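The next block holds one structure in the form of structure tokens; read it before the comments.
No value in this document is a laboratory result; all are computed from the given coordinates. Just so we're clear, the structure is a prediction, and the values are computed from it rather than from any experiment. Every residue, glycine as well, gets a Cβ built from its backbone with ideal geometry; the counts of neighbours run over all protein chains shown.
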Amino acid sequence: MSSHHIVREKQEPALLVLSLEGFDDEQLGQLLEWSPTLLVTPLVAEQLNAFGIKVDWIIADDIDNELQSDVKLLPTNGKPENIAAIDHLVDKGYPSVNIVTDQFDLAQYQPYVNKINLVVFYQQQKIYSVESGFSKWKPAGELIKIVSPAKNLITKGLEETGKNTYITVADGFFSLYFDGVAVFMAESL
């Protein structure tokens, strides 16, 4: 018996690649596995083109060379590339986006917490927002960082090892409880 998977547009997270600097090829392959809508900078477009990977959007106000026939130009209109791309995805109704970058500015992502599910891959970390009551299974000894301010934070299954840095105490679930809408958390890849 064969298994067929039909992937509808916007069912899988879009993929925004701002930089491939220090990013693992295998991890990139996993993110590309379900053929997401792919938005990239001109430099990343050149890098991916060398691997035969087709992009959907190039984020730039203008580019030096011609676009392939099915590649679209997404102007920044004076915004940072990541913000222009996320605004575009929100406008088009995408529920989520994976972002590969070599820069992380929390203030740029916080306004989008209630608009789109963001997962940022930055410096061997996976950063995403969670709501109070969040829990996840992890093996013992895994590093967890709270990246944004968390008011009245209570943790279960974690031991604090430094300011906003924790380690899982045993194989099993850890949980986060706090006041407020959401906080950004990072885990090691």
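Note on region 71-119 and region 16-40: Cα centroid distance 15 Å, given to the nearest whole angstrom. The count of lysine pairs in the chain with alpha-carbon distances below 22 Å, taking only pairs 8 or more places apart or on different chains, stands at 28. When peptides 76-86, 172-182 are ranked by their average number of other Cβ atoms within 10 Å per residue, the highest-first order is 76-86, 172-182. The slack between E21 and K136, meaning 0.36 nm per residue of separation minus the straight C-alpha distance, is 38.5 nm. Relative contact order of the chain, taken over Cα pairs closer than 8 Å and 6 or more residues apart, is 18 percent. Over all other residues within a Cβ to Cβ distance under 9 Å of D56, the charged ones net out to +1, with Lys and Arg as +1 and Asp and Glu as -1. Between V119 and N77, the distance separating the two model label sites (each 7 Å from Cα on the Cα→Cβ line) works out to 2.9 nm. Students often get this wrong, so try it: which of (i) 12.4; (ii) 17.9; (iii) 13.2 is mean projected area of the Cα convex hull in nm² as calculated from the structure shown? This structure yields the entry labelled (iii). The gain in end-to-end length when the K54 to L106 segment is fully stretched comes to 15.8 nm, 0.36 nm per residue minus the alpha carbon separation. Ranked by how many other Cβ atoms sit within 10 Å of their own Cβ, fewest first, the residues T155, T165 fall in the order T165, T155.
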